[in-house]
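Every number here is computed from the coordinates shown, using simple stated rules; none is lab data. Note that the structure is a prediction, hence the values are computed from the model and not measured. Note that each Cβ is placed from the backbone with ideal geometry, even for glycine, and that neighbours are counted across all protein chains shown.
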Amino acid sequence: MGGYTLPAKYLIQATLEIDGIVEKTDVIGALFGQTEGLLGDELDLRELQRMGRIGRIEIKLEKKGANKTSGKIIIPSNLDRVETAVIAAAIETVDKIGPYNARIKIQRIEDTRKEKIKRIIERAKDILLSWGEETETRELLENVMREVRTAEVVKYGEDGLPAGPDIDKADTIIIVEGRADVINLLRHGYRNVIAIGGANISKTIVELSKRKKTILFVDGDRGGELIIKNALAIADIDYIAKAPPGREVEELTGKEIAKALHNKLSVSEYLELTDKDKKAKSDLREAKTTFQIPDVVKKKFGELRGTLEAIIYGDEWKELRHLPVKDLVKTLLDEDLHPMAIVFDGIITQRLVDAASNKNVKIIIGVRKGDIARVPKNMTLLTFEDIA
């Protein structure tokens, strides 16, 4: 059978019916032979087994009467979920073993990691009870529990939306953007979560919103704003929560998730803030017009992206310094410069604003704004996105 046994992520389990008496080698030969070239070189069984991505195939056969054979096939897979499913489907196409007609049917694909995690948790509970200590072990158990929750994603409704197992039970549901967001919230114990699965709001979400209290929890970017707009137009949303600016729900820590949900706004509160934001953007457009940023300077924005560099400009956008971002504040504080603007590949911080204020800088343009408590009246803060 070749290859070697590997710590498989999945076990493909299939039943086998053959209209004749055969040996295990006949089955193996048919599996390799009839799938060869079917899925290209990347998913060729022999090649996958040679690389250790498919483990040793196990065949169990049993004679049925004088001229029938039945059995089981177990194929360990270290491929991803999609590739494993494709291999399983390919196995089912084998219809001849030796000279006899055969039928292979996939029964299940077992996620071995999920089963192992369940066994670990049960054993960990036993250890805790016998040990009587819950310090370091409790932290380990919580980590394991988070991994188990990751495996609890279900498909909900006619749209098959990714969701936690408590959607039907909970009075309040958390609506997020995608499957990765669902997984992250499950990992931190939120089982009443469901994903929209795209920019369009599905009928499933609309129907749920009519009978549940809803919290729409989106990324802190323009995509999140678009989803809020779409959801408010057709669904009954009660609260809105957002990840911090520039952050995605799928990458938040447990503490950050809890904080974002705690700071949720009612729809009326959100719309009131949005109106204020529109006025701020209007003021921003006026500021951009006042500064009349030359095209040659705008071109620099794209060139700076990913460089961690900064440019200090003087009057009439004359370049005074081109330097690493890490030296920006020190240069402003130590050197005798008369800057008018700063453009840099980084986050606008309060420390930078204060340093620039001492030099009477009129405009700072960065990748995004950090937590800014105070900005001088004669200073404007913009992002690359604002200029674009």
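Some points to look at:
- Computed on the stretch 153-271, with alpha-carbon pairs under 8 angstrom and 6+ residues apart, the relative contact order is 23 percent.
- If you look at the Cα atoms of the stretch 10-110, you get an Rg and a Dmax of 13.0, 41 Å.
- In nm, spacing of pseudo-spin labels at residue 351 and residue 207 (7 Å Cα→C-beta vector): 5.4 nm
- For the chain, the Stokes-Einstein estimate of translational diffusion at 25 °C and a viscosity of 0.890 mPa s comes to 93 µm²/s, using the Kirkwood hydrodynamic radius over alpha-carbon pairs.
- Contact order for the chain, expressed relative to its length and based on alpha carbon pairs under 8 Å spaced 6+ residues apart, stands at 9 percent.
- Distance (nanometres) between label positions extended 7 Å along Cα→Cβ at residue 114 and residue 86: 2.2 nm
- When you filter the trypsin sites (Lys or Arg not before Pro) in the stretch 38-107 for DSSP loop state and at most 15 other Cβ atoms inside 10 Å of their Cβ, you are left with 56.
- What you get for the stretch 153-271, charging only the Cβ of Lys and Arg (+1) and of Asp and Glu (-1), is a dipole of about 220 debye around the Cα centre.
- The chain - mean residue ellipticity at 222 nm from DSSP helices (-39,500 (n - 2.57) per run, n ≥ 4, rounded to 500): -12500 deg cm²/dmol
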